[in-house]
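This report concerns only the one structure given below.
The values are calculated or read from the model by the stated rules, or taken from the named source; none is laboratory data. Values in this document were obtained by computation on a predicted structure and should not be read as measured data. Glycine gets a Cβ as well: all are built from the backbone with ideal geometry, and neighbour counts include every protein chain shown.
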Amino acid sequence: MLEEVERWLATRSWSMADRPLHRVLAAKQRTGQSVSVVLPALNEEETVGDIVAAIRRDLMGRAGQIPLVDEIVVVDSGSTDRTSEAAATAGARVVHRDSILPRIPAVPGKGEVLWRSLLVTSGDIVCFVDADLREFSSDFVLGIVGPLLTDPDVHLVKAMYDRPLTVSDDGLPPAAGAAGQGGRVTELMARPLLNMHWPQLAGFVQPLGGEYAARRSLLEQLPFPVGYGVELGMLVDALHLVGLDALAQVDVGVRRHRHQDGQALGRMAAAIYRTAQLRLARGHLVRPSLTQFERGEDGFEPRTYSVDTEERPPMAEIAEYAARRVA
């Protein structure tokens, strides 16, 4: 298995320099494929506008040149700040989660938003970008879309990057020596799971990263865990559906974003473990919960949370999506 991973790393791991913009644009024009960028957003007014503006400036607005990106859609999952206004002002089309497929009540979770986004986008290639990125570069999009436009055998591309631990949600600075220690759930949960149970996927540097692109023809066949397990579930299911050589990764440099506290990471890890568990032994499981502790006036007090277990079916099975494709 190690030899297979090493072979995959040599043939399916690239850098930004391997596919400059002019080459990718030529491939897009030649193949006639369209590209949609989706930003799932919840209370990201500080960052979402800058991300949208960078993509529009660099990949949509060059005079006399075909655009690399054909549409940018921000799916707002219930923000209470000015996320929608900031995204629209920067030039994105903003769609509210609950307005998409209203006959199926929406549930909280990132995967829920990504699944519903397939109904309000039209691109042959769909590129997902988290809305909390700071110092964003449009190279993220170029990097992960490039292989899909230039290589018909590639179906899903993940971004890989350095992920410095810069600042937490509580505003405290990172601990000494934490410059390269972002992605804690990846290292403590996702990477061990993949190495033990799906070793073919061990070569992915950022398996849980929120920046990836895929062919619609693949995405519409995948189930979507509604919560934090969506990235791991998508990798595992894509492996079984299209095979390892249809998956790839591209080095896009450095990713900076807001980091969550330890308890939030614990809940994320539980959802990811549950996603893996479902794929290892479907049908013999109880609905799990996770109990964490916070110090209160009378000592440590338990807080119990449900672990995301619901998954949405492949979009190809949804009648509204099939009707939209026919239309």
Filtering the stretch 77-92 for residues that are buried (at least 23 other Cβ atoms within 10 Å of the Cβ) and either of a type in the set (Ser, Thr, Tyr) or closer than 20 Å to Thr309 by Cα (or both) leaves a count of 1
Kindly evaluate Ala214 against the criterion of being among the small types (Gly, Ala, Ser), surrounded by 20 or more Cβ atoms within 10 Å (Cβ to Cβ) and at pLDDT 95 or above.
yes
With respect to Gly203, is the statement that it is crowded, with 20+ Cβ neighbours inside 10 Å and not in a strand (DSSP E or B) true?
yes
Considering only the stretch 46-60, state which residues are surrounded by fewer than 17 Cβ atoms within 10 Å (Cβ to Cβ) and more than 19 Å from the chain's Cα centre (by Cα).
Glu46, Arg57
For the structure I just gave you, tell me whether Val38 is in contact with a Cys (Cβ under 9 Å, 6 or more places away or on another chain), crowded, with 18+ Cβ neighbours inside 10 Å, part of a strand (DSSP E or B) and aliphatic (A, V, I, L, M).
yes
Of the residues in the stretch 1-35, how many are on the phi > 0 side of the Ramachandran plot and buried (at least 17 other Cβ atoms within 10 Å of the Cβ)?
0
So if I check each of Val74, Val69, Val95, which one is assigned to a loop (DSSP other than H, G, I, E, B) and surrounded by 13 or more Cβ atoms within 10 Å (Cβ to Cβ)?
Val69
Test for Gly111: is it within 17 Å of the chain's Cα centre (by Cα), under 22 Å from Pro20 (Cβ atoms) and not in a strand (DSSP E or B)
no
From the list Arg303, Arg267, exactly one residue is modelled with pLDDT of 75 or more, farther than 16 Å from Val236 by Cβ and either in a loop (DSSP other than H, G, I, E, B) or under 18 Å from the mean Cα position of the chain (by Cα) (or both). Which is it?
Arg267
Filter result (surrounded by fewer than 18 Cβ atoms within 10 Å (Cβ to Cβ) and among the polar types (S, T, N, Q)) within the stretch 101-136
Ser122
